[in-house]
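J.: First, the structure itself, so that you have it in front of you.
The values are calculated or read from the model by the stated rules, or taken from the named source; none is laboratory data. What you see is a predicted model; the values in this text were computed from it and never measured. Neighbour counts run over all protein chains shown; Cβ positions are idealised from the backbone, glycine included.
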Amino acid sequence: MTTEQVGRYQELSAKYLRHARELLAEGDLSQASEKGWGAAAVLVKAAAEARGMDHEKHRHLWQTIRALVRETDDVELRSLFSHAESLHGNYYEDMLEAEEVGEFLGDVERLVEKLGGLA
């Protein structure tokens, strides 16, 4: 994966996070959640691509997170990604309240910071 491609994924992730925060402020929790998920997923996919790993399915994203935890010894990656996946579930189930969506978006922001150097 080229530096240009990684930069594009990072830009896309940042765009999704900005949009998620805007949607949260507007009260559109399901759409804010899905944008938060997208911000995390695109960088996990970039990390997978950089390692020659599959990244088409959720299962593959979890495999990538596990590989990154082993590679970095940063177990927090797992819980942060789990919160991102909860946001994805919220898009379909509308189960989270605004406070939880905001908290999980903060976790996605932390995950994005950590993944930025791993892609």
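Condition check ((1) under 11 Å from the mean Cα position of the chain (by Cα); (2) assigned to a loop (DSSP other than H, G, I, E, B); (3) over 17 Å from Glu109 (Cβ atoms)) across all residues:
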site	(1), (2), (3)
Val6	no, no, yes
Tyr16	yes, no, no
Ala20	no, no, no
Trp37	yes, no, no
Ala40	yes, no, no
Ala48	no, no, yes
Trp62	no, no, yes
Arg66	no, no, yes
Arg70	no, no, yes
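J.: Being modelled with pLDDT of 90 or more and small (Gly, Ala, Ser) is the filter here, so list the residues in the range 1-36 that pass it.
T.: Ser13, Ala14, Ala20, Ala25, Gly27, Ser30, Ala32, Ser33, Gly36
This table checks each residue for (1) modelled with pLDDT of 95 or more; (2) under 17 Å from His19 (Cα atoms); (3) part of a helix (DSSP H, G or I).
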{"site": "Ser79", "(1), (2), (3)": "yes, no, yes"}
{"site": "His88", "(1), (2), (3)": "yes, yes, yes"}
{"site": "Val108", "(1), (2), (3)": "yes, yes, yes"}
{"site": "Ala119", "(1), (2), (3)": "no, no, no"}
